[in-house]
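Report on one structure; see the data block that follows.
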Amino acid sequence: MVSIKSWRALGTSVHVITTHPKGLEPAAAAVEKLLTRVDLTYSRFRPDSELTYLNSHAGKPVQVSWLLSMAIGVAMRAARMTNGAVDPTVGKALRLAGYDRDFQRGSHPDPPPEGEGATAVVLTVEAVPGWRMVRLDPLSRSVFLPEGVELDLGSTGKALAADIAASTARNAAGAGGVLVSLGGDISTAGTPPLGGWHVLVADDSKTPPDGEGENIAITRGALATSSTTVRRWTRGGVALHHIIDPQTGLPARSPWRTVTVAASNCVDANMAATAAIVDGEEAIEWLSARGLPARLVANDGTVQTAGRWPARVKPAA
């Protein structure tokens with residue numbers, strides 16, 4: 001038996017699940033407090049966030065909090081590990097493409113308006129500045145962004161929050177095991193329930209438990225899904241999404257609509273899933289070489305797997 005509490009934060013769904021019933025409330029409270037801090041630290045959509053301040057002070061060194069320093073360090077590591085496929089300097093490219101507000105806060109807003117009176121969006125092929133342009137001193141927590149560089153930590157920031165939240169929740173619960181899901185970025189800690197944690201892998205984290213997808217079980221570690229089917233909008237008759245190819249500065253044109261990766265932590269799972277979308281046909285070889293179990297859904301719905309992807313299980317009752 002497990003206990004679950006759900007709510008919304010960071011513009012997405014939050015689920016905290018514990019195997020120790022008495023630990024649910026303190027675990028959820030600890031996660032809620034953490035996510036409030038995360039939002040104030042590195043949300044790109046809050047005018048009062050620390051990240052917004054940093055982006056607006058490009059060209060000058062800025063001293064940041066330990067949490068933002070950690071988040072930037074994690075993002076830069078992801079860029080290095082993926083050969084630049086996941087790059088935190090895509091902030092301006094996302095904004096120019098029209099992703100300048102959080103499409104997931106509250107109800108999903110209508111796409112930016114088109115037609116008479118609408119602001120035209122001109123999409124040009126231009127590589128993003130690149131993560132090597134960012135100067136981070138983790139000891140002094142000083143960050144320097146060259147002028148014109150804007151950071152977006154979406155590819156790793158939510159996954160980092162999930163990893164910290166799982167550890168925080170387990171400590172607060174005091175016993176047993178916990179699973180934390182932030183919009184489908186899943187991290188676990190402690191002892192899993194008998195038979196493991198049952199998870200529905202789908203294109204959209206809002207898919208109901210009995211919806212279309214694949215049910216698997218994990219006993220430890222993390223899962224993350226990157227998809228071009230959510231956070232989509234249309235500008236000038238062109239369908240766009242939020243996963244930017246750093247080589248072009250445009251939404252990635254990928255054979256995969258969804259990639260889910262299992263790893264020891266959510267950050268590694270998320271950066272691999274996002275890189276797979278960007279890398280396209282080369283993704284399966286890249287994932288297999290690193291021993292990362294993955295499930296890749298092509299644009300036509302065909303499913304391929306890499307590594308030791310978990311077997312299907314019956315949905316949890």
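Numerical summary
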| item | result |
| --- | --- |
| Answer residue from region 163-193, given it is of a type in the set (Val, Ile, Thr) and more than 14 Å from the chain's Cα centre (by Cα) and is surrounded by the most Cβ atoms within 10 Å (Cβ to Cβ) among those | Val178 |
| Tabulated pairs, region 1-19, first at positive phi, second crowded, with 18+ Cβ neighbours inside 10 Å and at pLDDT 95 or above, C-beta under 6 angstrom, 6+ apart or interchain | Leu10/Leu35 |
| Any hit, region 206-215, residues being of a type in the set (D, E, K, R), out of contact with any His (no Cβ under 7 Å at 6 or more places or on another chain) and either open to solvent by less than 20 Å² (accessible area, probe 1.4 Å) or at pLDDT 95 or above (or both) | yes |
| Any chance Leu94 is of a type outside the set (Asp, Glu), open to solvent by less than 20 Å² (accessible area, probe 1.4 Å) and either farther than 23 Å from Val278 by Cα or modelled with pLDDT under 95 (or both) | yes |
| Filter pass, Ala239 being over 13 Å from Ala78 (Cβ atoms), modelled with pLDDT of 85 or more and in a strand (DSSP E or B) | no |
| Scan of region 296-310 for residues that are of a type in the set (Gly, Ala, Ser) and either under 20 Å from the mean Cα position of the chain (by Cα) or not in a loop (DSSP other than H, G, I, E, B) (or both), ordered by number | Ala298, Ala306 |
| Every pair of residues 6+ apart whose Cβ atoms lie under 6 Å, when the first sits in region 54-65 and is at positive phi and open to solvent by 50 Å² or more (accessible area, probe 1.4 Å) while the second is aromatic (Phe, Trp, Tyr) and part of a strand (DSSP E or B) | none |
| Evaluation of Gly157 against (1) within 15 Å of Leu54 (Cβ to Cβ); (2) part of a loop (DSSP other than H, G, I, E, B) (one fails), failing number | (2) |
| Matching residues in region 176-221 - criterion: being in contact with a Leu (Cβ under 7 Å, 6 or more places away or on another chain) and touching a residue at least 12 places away in the same chain (Cβ under 8 Å) | Leu182, Ile186, Thr188, Trp197, Val199, Pro209, Gly213, Asn215 |
| Residues (over 20 Å from Pro192 (Cα atoms), more than 15 Å from the chain's Cα centre (by Cα) and either among the β-branched types (Val, Ile, Thr) or open to solvent by less than 20 Å² (accessible area, probe 1.4 Å) (or both)) located in region 1-41 | Thr36, Thr41 |
| Hits in region 252-262 (condition: in a strand (DSSP E or B) and open to solvent by less than 20 Å² (accessible area, probe 1.4 Å)) | Trp256, Thr258, Val259, Thr260, Val261, Ala262 |
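Here is a yes/no grid of residues against (1) at pLDDT below 95; (2) more than 16 Å from the chain's Cα centre (by Cα); (3) of a type in the set (Lys, Arg); (4) not in a loop (DSSP other than H, G, I, E, B):
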{"residue": "Val62", "(1), (2), (3), (4)": "no, yes, no, yes"}
{"residue": "Leu67", "(1), (2), (3), (4)": "no, yes, no, yes"}
{"residue": "Ala71", "(1), (2), (3), (4)": "no, no, no, yes"}
{"residue": "Arg80", "(1), (2), (3), (4)": "no, yes, yes, yes"}
{"residue": "Val86", "(1), (2), (3), (4)": "no, no, no, no"}
{"residue": "Gly106", "(1), (2), (3), (4)": "yes, yes, no, no"}
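The values are calculated or read from the model by the stated rules, or taken from the named source; none is laboratory data. Quantities reported herein were computed from a predicted structural model and do not represent experimental measurements. For neighbour counting, all protein chains shown are included, and Cβ atoms are generated from backbone atoms with ideal geometry for every residue, glycine included. These area figures cover heavy atoms from the full protein model, side chains too; ligands, DNA and RNA do not enter into them. Shrake-Rupley method; radii C 1.70, N 1.55, O 1.52, S 1.80 Å.
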